[in-house]
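Reading through the structure tokens given below for one structure.
The values are calculated or read from the model by the stated rules, or taken from the named source; none is laboratory data. Just so you know, these numbers come straight off a predicted model, no measurement behind them. Reconstructed Cβ throughout: ideal geometry from the backbone, glycine too, with neighbour counts over all protein chains shown.
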């Protein structure tokens, strides 16, 4: 377009109505461009042929161009305001339309012009793209992988490494084309989105939730983005202050397995200076789509018919209840340590099964108990499979949305043994291995099929989903190379996507070999506050004693390994509990009434950081990093006499402590110079294990 020098030149894409709120706000803050180009979907209406507009329309652009692909080619149309010739171009709009037409013909005839090819998405991708719950603002189908970067971080190299991953992995450059039959297209170049933000110590759940709700516009390539949360503007040394990193992605193009593969590729690129060797990966999503289209639909329908319950089954581990009136997602988490996990695996192995089968068996029994049946009864739930066991060479190394959910229908009979239930579930898992590619909507043929419709209806009855997945570790065989650069990565885990089912159960092994189980539920259907237990958060006691109905009860969570009983301190602990329960000694087992929790294990609300460094909150524990900085309670001032109780856990020769009675200030030296300190040094000599550095009047701890 020609433009007058005083007006400037250029045009803008009409994205002011973008579903991405951040993009929408950014574009609205910019000065309006003199012209706008709108790329419509194949089935969206276009304005009529070029015509004058007698009155100003809603659009602020003097010239508005609209384009879309049709069955016969590309259709381009122009709308313009009467003063367009004065503000935008000296060329009459009809002549301008002819110039554009000629330019497009020249481009189409250019030798070697790249023509991107479209391909069919998988049925699962189609369902996610066309479903309203996959759009920005819902937070559904968006997962987040979070980890902590310890050591020097070169942000330019970080960006270059991720850009190299985008250049090598076509799934990261793939986007949907709209229409009655959605298609996918791989773009030649996509720039990775990396955001850097300052985030001091504290609860970062609201930040993660805002990023999740932002979602993705699947019509734009790049269904993965990163956010670097840096602890502060001043970094004394590159290795002292860790950086939290959030990798957010949409399950329509990337699953958990894929995210771990991509993260490993990134670290390889980072160690290589920011560039991955080799070309584009194959097979990729295009090859998987072609393989999937060649599969036998009849075999898939036969499998689903076998797993469809004959009658409405029990499907939830809770009795029906009225609507809660709540909204959002609730989460709960438990963890077995490495020793407990090993014992569980050995016990499962005695019956020829795995931990996954044990988890399914427990879930089936909970569903059965909730249904209140007096005899044998069918239960029904869905189980997630990684989708990497298909006979497509390289599928286990291919990023893409291969994870799938398959139905499990089984009869629970209280007269049978648990090992029998375990073996039945094991056999079902072996049967499912050949059908990891089957998706419910894939079973719908072009014509009416009663069996397929019944299968889809039954699948909707699966009120719960079990996901047991151990994806490849991102740093496998890379730890030594990273350590040579002074880099260490600490993986906090995956924040799972909101399930469309009322309740999801997710399990995986952590870096230490422990088993972590997380539940995700719809709070509109399940109110966790109605449960009287489970209120201990991260401060659950490992041992306790209680006077109960005229007797005494003592509990300890220790003693799960033979080595425990070789520990003198544990034997002394166990003997003390036995002696107290037998009435041979006394102990103070009264409940701690009257105390106010300053820290509940889930949030640092009311606390403020003073000075450099910070604290991370993981599994109910606060861990310090970097600098002299202190975390102090600013929500309320305590004066007079009071009792303060705290729990410490120090590593190695570290020391810790607490300051009392200092003037409120964000300067850490206020506490050091004016307060009273209790120092905790667990590895010192007995007289220095815990000590006062000064006496605090009228204070007990």
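The rows are residues; the columns are (1) exposed (fewer than 15 other Cβ atoms within 10 Å of the Cβ); (2) modelled with pLDDT of 85 or more; (3) touching a helix residue (DSSP H, G or I) at 6+ places or on another chain (Cβ under 8 Å).
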position: 296; (1), (2), (3): yes, yes, no
position: 309; (1), (2), (3): no, no, yes
position: 312; (1), (2), (3): yes, no, no
position: 336; (1), (2), (3): no, yes, yes
position: 346; (1), (2), (3): yes, yes, no
position: 350; (1), (2), (3): yes, yes, no
position: 356; (1), (2), (3): no, yes, yes
position: 368; (1), (2), (3): no, yes, no
position: 374; (1), (2), (3): yes, no, no
Quiz item: If we scan segment 227-242, do we find a residue that is part of a strand (DSSP E or B), surrounded by fewer than 20 Cβ atoms within 10 Å (Cβ to Cβ) and modelled with pLDDT of 95 or more?
Solution: no
Quiz item: Is there a residue being surrounded by fewer than 22 Cβ atoms within 10 Å (Cβ to Cβ), touching a strand residue (DSSP E or B) at 6+ places or on another chain (Cβ under 8 Å) and without any contact (Cβ under 8 Å) to a residue 60 or more places away in the chain anywhere in segment 389-400?
Solution: no
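What do you reckon, is residue 341 under 26 Å from the mean Cα position of the chain (by Cα) and closer than 22 Å to residue 418 by Cβ?
Against the criterion (under 26 Å from the mean Cα position of the chain (by Cα) and closer than 22 Å to residue 418 by Cβ), residue 341 qualifies.
Look at residue 554 and say whether it is surrounded by 11 or more Cβ atoms within 10 Å (Cβ to Cβ), modelled with pLDDT of 75 or more and closer than 26 Å to residue 642 by Cβ.
Numbers: surrounded by 11 or more Cβ atoms within 10 Å (Cβ to Cβ): yes; modelled with pLDDT of 75 or more: yes; closer than 26 Å to residue 642 by Cβ: no.
When the stated conditions are applied, residue 554 does not pass them.
Within segment 292-401, considering only helices (runs of 4 or more DSSP H) that don't extend past its boundaries, which have at least 1 residues that are closer than 25 Å to residue 557 by Cα?
On the way: elements: 297-307, 338-350, 355-371.
Passing ranges, in order: 338-350, 355-371.
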Quiz prompt | Residues that are in contact with a strand residue (DSSP E or B) (Cβ under 7 Å, 6 or more places away or on another chain) and in a helix (DSSP H, G or I), drawn from segment 470-498 | solution = 482
Quiz item: Out of all the residues in segment 163-195, which are within 30 Å of residue 230 (Cβ to Cβ) and loosely packed, with under 14 Cβ neighbours inside 10 Å?
Solution: 189, 191, 193, 195
